[in-house]
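The values are calculated or read from the model by the stated rules, or taken from the named source; none is laboratory data. Computed from a predicted structure; not experimentally measured. Note that each Cβ is placed from the backbone with ideal geometry, even for glycine, and that neighbours are counted across all protein chains shown. Calculation scope for accessible area: heavy atoms of the full protein, side chains included, ligands and nucleic acids excluded. Shrake-Rupley method; radii C 1.70, N 1.55, O 1.52, S 1.80 Å.
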Amino acid sequence: MGDAGLPSYPSIPPFPDDIETAPLITLQLKKLLANDPSEIAALFKCGKELGFFYLNLIGCEQGEKLFYDAQRLLSLEKEFFDLPPEEKAICDRDTLKGANGYYGYKAQGKSVIDAKGTLDKHECYNLKKDDIVGNTEPLDRPQLISDNIDLFRSYATNAQSIISVMLGHFNDQLGLPEGTLQNLHRLHAESGDHVRFLTAPPLPDRRGINAGAHTDFGSLTILFNWLGGLQVQLPGRTDWTYVRPVPGCAIVNLGDAMVKFSAGLLRSNLHQVVNPPGAQANERRYSLVYFSRPEDTVPLQRLKGGLIDLQPQSDVPEEGLTSKEWILKRGLANKVTPDWTPQKFLESRGTEGDRLASN
Ligand SMILES: O=C(O)CCC(=O)C(=O)O
Ligand SMILES: [Fe+2]
């Protein structure tokens, strides 16, 4: 039994009670699955206002399965990062065949977190949904990952199905033709969806940023973290506010694709990750993320119909990159390479570009 009274939840030092935390709304997955009208309205409001919310997974079979799979994946994640470097090198993103330089393992300090060129403080491993569910040939990976592929499959298919329910509600609230958003995110179509393992050691001075300010590139993100450190920039503010991890809840946020599809009606909020606060500061931090993204060939531009047609038209023509092009543009521009420039980094920013520029 862990801290939260939930079986298999890890024992961890408490998140401090004396720091400001972001007022994220808690939505009940159980109610969203049951098409509860007030929960659906609350989901839409969260999407328009902060773009981040807690999703309580307890109380329904699908949610509890996701929650308990996430706890098992946390143990696996710790084992993965403890593998010797030569094992992790099997799936190094810079040499991994078929990874486009993006999927696979990234060692600490291999990307930059700001335009000054500051190096990141985290390690991560991105395992593609297409790989997990058999849409494409598996990329090379350590045996540990292959041995646990059933757990990844259970987790990814369940996450994708929960995301599809939420996309359906956004679709209907936006007044789009039935099934529009869900049909741009089909499980068996190739996309940039992936499961991410992410870890960072405690920083030497217990301060500082381990993942820089960003918005997520895709549609919806389901995030599990156990220690604090995630921070959001609340609307109208330029400082950063911690998001308290809540046992039994995932943190869900909208990405840039939702902003583009909805012509700015929905919000993809800036966030960053710093060293855990208070009594948690000496701990290694882990997170587990499911990123959903539109299918590879989908152009990232405003959809037609419903409330979107009432959004202002921009004078600047839309770039209209496909989902795959957008991910690679954003995902590769922060790599430490000989030709990295601050300009390249700035040009690769997401829909938050204007907000960052105004800070
Ligand atoms: O580790 C976290 O809490 C957030 C991670 C994140 O924002 C990301 O991987 O995009
Ligand atoms: Fe993120």
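Just a few scattered comments:
- Count of residues meeting criterion [more than 15 Å from ligand 2 (Cβ to nearest atom) and of a type in the set (G, A, S)] in the stretch 229-250: 2
- Residues in the stretch 257-276 that are within 16 Å of ligand 1 (Cβ to nearest atom), open to solvent by less than 10 Å² (accessible area, probe 1.4 Å) and assigned to a loop (DSSP other than H, G, I, E, B): 5 in all.
- Put simply, of D205, D150 the only residue that is open to solvent by 40 Å² or more (accessible area, probe 1.4 Å), closer than 23 Å to K65 by Cα, more than 14 Å from ligand 1 (Cβ to nearest atom) and out of contact with any helix residue (DSSP H, G or I) (no Cβ under 9 Å at 6 or more places or on another chain) is D150.
- Filtered by the rule that a residue be assigned to a loop (DSSP other than H, G, I, E, B), polar (S, T, N, Q) and closer than 19 Å to T199 by Cα, the stretch 277-292 gives a lone residue, N282.
- Residue check for L227: of a type outside the set (V, I, T) and closer than 27 Å to P37 by Cα: no
- Some residue of the stretch 156-171 being within 16 Å of ligand 1 (Cβ to nearest atom), open to solvent by 10 Å² or more (accessible area, probe 1.4 Å) and touching a residue at least 24 places away in the same chain (Cβ under 8 Å): no
- Out of T297, T215, sole residue that is of a type in the set (S, T, Y), more than 25 Å from Y68 (Cα to Cα) and more than 15 Å from ligand 2 (Cβ to nearest atom): T297
- Which listed residue, of I90, I40, is over 19 Å from the mean Cα position of the chain (by Cα), touching a residue at least 60 places away in the same chain (Cβ under 8 Å) and not in a loop (DSSP other than H, G, I, E, B): I40
- Test for K30: is it touching a Gly at 6+ places or on another chain (Cβ under 8 Å), among the charged types (D, E, K, R), open to solvent by 60 Å² or more (accessible area, probe 1.4 Å) and touching a residue at least 12 places away in the same chain (Cβ under 8 Å): yes
- Some residue of the stretch 104-114 being open to solvent by 10 Å² or more (accessible area, probe 1.4 Å), closer than 27 Å to L234 by Cα and either in contact with a helix residue (DSSP H, G or I) (Cβ under 6 Å, 6 or more places away or on another chain) or modelled with pLDDT of 95 or more (or both): no
- Residue in the stretch 49-61 that is under 27 Å from L174 (Cα atoms), without any contact (Cβ under 8 Å) to a residue 60 or more places away in the chain and in a loop (DSSP other than H, G, I, E, B) present: yes
- Output for the stretch 208-221, where each listed residue is at pLDDT 95 or above and either more than 11 Å from ligand 1 (Cβ to nearest atom) or under 14 Å from N282 (Cβ atoms) (or both): S219, L220
- Residues that are crowded, with 17+ Cβ neighbours inside 10 Å, assigned to a helix (DSSP H, G or I) and not small (G, A, S) within the stretch 299-327 comprise I308, K324, W326, I327, listed in sequence order.
- Considering each residue of the stretch 226-246 in turn, at least one proves to be open to solvent by 20 Å² or more (accessible area, probe 1.4 Å), in a loop (DSSP other than H, G, I, E, B), within 14 Å of ligand 1 (Cβ to nearest atom) and touching a Gly at 6+ places or on another chain (Cβ under 7 Å).
- Residue within the stretch 258-266 that is at pLDDT 95 or above and within 15 Å of ligand 2 (Cβ to nearest atom) present: yes
- Residue in the stretch 188-201 that is of a type outside the set (A, V, I, L, M, F, W, C) and over 20 Å from D130 (Cα atoms) present: yes
- D140 fulfils the conditions (1) at pLDDT 95 or above; (2) surrounded by 22 or more Cβ atoms within 10 Å (Cβ to Cβ); (3) among the charged types (D, E, K, R) except for a single criterion, (2).
- Annotation note: of N253, N225, the sole residue that is within 16 Å of ligand 2 (Cβ to nearest atom), over 23 Å from R349 (Cα atoms) and among the polar types (S, T, N, Q) is N225.
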